[in-house]
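The values are calculated or read from the model by the stated rules, or taken from the named source; none is laboratory data. The structure presented is a predicted model; accordingly, all values stated were derived computationally and were not measured. Cβ atoms come from the backbone with ideal geometry, glycine included; neighbour counts cover every protein chain shown. To get the accessible areas, we keep the full protein, side chains included, count just its heavy atoms, and leave off ligands, DNA and RNA. Shrake-Rupley method; radii C 1.70, N 1.55, O 1.52, S 1.80 Å.
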Amino acid sequence: MKKWIVGLATLLLATTLAACSSGTVANMKGAKITKDEFYNEMKDSTTGQSTLRNMIVLKALEQQYGDKVSDKKVTKQYNKIKANYGTSFSSVLQQSGYTTKSFKEQVKTSLLSEVALKDLKKPTQKQIKKQWAKYQPKITVQHILVKKESTAKTIIAELKKDNSEANFKKLAKKYSTDTATASDAGKIPAFDNTDTQLDATFKKAAFALKEGTYTTTPVKTSYGYHVIRSIKNPGKGNMSDHTATLKKQLYTTWQSDTTVMTSIMKKVLKKANVSIKDNDLKDVLSVYLDSSSSAASTSAAN
């Protein structure tokens, strides 16, 4: 989920407090813990303040963009994440301090923040052009990874005699140390310029290849030496043909940018005109709003 929002699991503390029907949270022999005691303890802790801050953020987002994110959409995204973890999902949730409910709250906040971002920040032509300079379309390649440069040169010599995909498959099976791809002709899942898993040197060499061509010199990375062959490369084309993709890439980058998302939440919270009723919590939104704004909200509330 997005880096800028954390700690939604602590909503459970607030839920626990609200669930108490009387003024007493816990009884024991000769003593008790009241709601007021629990509340005062909570508000003096970073956990309690984080809980309140995240509750305010979610409420403000729901008020302004709630009609853009349905429960069905939240459930769909939740199930997608759950499927990615498979049978380990429950244990991952538990280890991270989440319940199904609290994690769905986080999913909802993330989806709402995405809507807010697209509403409040529009890519400029300058930003689109800058993204275009980095842009590469999705390509598909196959590779053979070996430990020695001399082995890579031997493979390249073999490809000069027969540059067919069938021959590359045979060479991959014979030489490649990449066990995950060797049995599948060295094929790698399609990737573009936004990929963060592959080595930068590898990607640069792969993007430079036209369909059906291969690297005529070994490509050295921290893993060893690669021989790369292009299976599919549609070419970069014209910027005007990829404007939607470029904007999507910019939004994806911004969603992981703490500075950008803090700026977006500042706008959302200012529009919400939040009033903090407890003076001890007047700075709870200082992460997003300057101290003077927080103080003014508290003062107005009193």
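Excluding TYR39 itself, calculate the net charge of residues whose Cβ lies under 15 Å from the Cβ of TYR39, where each Lys or Arg counts +1 and each Asp or Glu counts -1. Can you show the working numbers first?
On the way: positive: LYS32, LYS35, LYS43, LYS277; negative: ASP36, GLU37, GLU41, ASP44, ASP278, ASP280.
Once positives and negatives cancel, what remains is -2.
So what's the net charge close to PHE207: Lys and Arg +1, Asp and Glu -1, counting the other residues with Cβ under 13 Å from its Cβ? Numbers along the way, then the final one.
Values: positive: LYS134, LYS138, LYS203, LYS204, LYS210, LYS232, LYS236; negative: ASP192, ASP195, ASP199, GLU211.
Every neighbour counted, the sum reads +3.
Using θ = phi - 60° and the Karplus curve 6.51 cos²θ - 1.76 cosθ + 1.60, what whole-Hz ³J(HN,Hα) does each residue of the range 211-218 get, with Gly and Pro shown as x?
Couplings: 3, x, 9, 9, 6, 8, 10, x Hz.
LYS161: which aspartates and glutamates have alpha carbons under 20 Å from its alpha carbon, excluding same-chain residues fewer than 8 sequence positions away?
In chain and number order, the partners are GLU149, GLU211.
Mind jotting down the distance between the C-alpha centroids of the range 262-287 and the range 83-116, whole Å?
Taking the Cα centre of each part, the range 83-116 and the range 262-287 sit 25 Å apart.
Going by the alpha-carbon gyration tensor, a ≥ b ≥ c the square roots of its eigenvalues, is the range 154-302 rounded (a/c under 1.5) or, if a/c is not under 1.5, prolate (a/b greater than b/c) versus oblate?
Values: a/c = 5.11, a/b = 3.20, b/c = 1.60.
Prolate.
Return the carbon/sulfur percentage of the accessible area of the chain, one whole number, probe 1.4 Å, all protein chains in place. Write down the numbers at each step before the final one.
Details: 8830 of 17560 Å².
On the chain, the fraction of accessible area on carbon and sulfur atoms equals 50 percent.
Excluding same-chain residues fewer than 8 positions from LYS236, which lysines have a Cα within less than 23 Å of its Cα?
List returned: LYS126, LYS129, LYS130, LYS134, LYS138, LYS187, LYS203, LYS204, LYS210, LYS247, LYS248.
The chain: D in µm²/s via Stokes-Einstein (Kirkwood Rh, Cα pairs, 20 °C, 1.002 mPa s)?
Values: Rh = 23.6 Å.
Estimated via Stokes-Einstein, D reaches 91 µm²/s.
Show me, for the range 220-228, the HN-Hα J-couplings you get by feeding each phi into the Karplus relation (A = 6.51, B = -1.76, C = 1.60, θ = phi - 60°), rounded to Hz, glycine and proline as x.
Each residue of the range 220-228 in turn: 8, 10, 5, 8, x, 10, 10, 10, 10 Hz.
Local charge sum around TYR251 (other residues, Cβ-Cβ under 9 Å, Lys/Arg +1, Asp/Glu -1)?
Values: positive: LYS118, LYS121, LYS247, LYS248; negative: GLU114.
Residues near TYR251 contribute +3 overall.
Taking a probe of 1.4 Å, how large is the accessible area per residue of the chain, in Å²?
On the way: 17560 Å² over 302 residues.
Result: 58 Å² of accessible area for each residue.
Filter the trypsin sites (Lys or Arg not before Pro) in the range 118-167 to those in DSSP coil with at most 12 other Cβ atoms within 10 Å of their Cβ, and list the result. Mind dumping the intermediate values first?
Working: sites: LYS118, LYS121, LYS126, LYS129, LYS130, LYS134, LYS138, LYS147, LYS148, LYS153, LYS160, LYS161; in loops: LYS121, LYS138, LYS147, LYS148.
Filter output for the range 118-167: LYS147, LYS148.
Rounded to the nearest 500 deg cm²/dmol, what is the calculated helix-only ellipticity per residue at 222 nm for the chain, with -39500 (n - 2.57) per DSSP H run of length n ≥ 4?
Details: 13 runs with 163 residues, N = 302.
Value at 222 nm, helices only, nearest 500: -17000 deg cm²/dmol.
Going by the alpha-carbon gyration tensor, a ≥ b ≥ c the square roots of its eigenvalues, is the range 86-153 rounded (a/c under 1.5) or, if a/c is not under 1.5, prolate (a/b greater than b/c) versus oblate? The partial results should precede the final answer.
Values: a/c = 4.31, a/b = 1.26, b/c = 3.42.
Oblate, since a/c reaches 1.5 and b/c is not below a/b.
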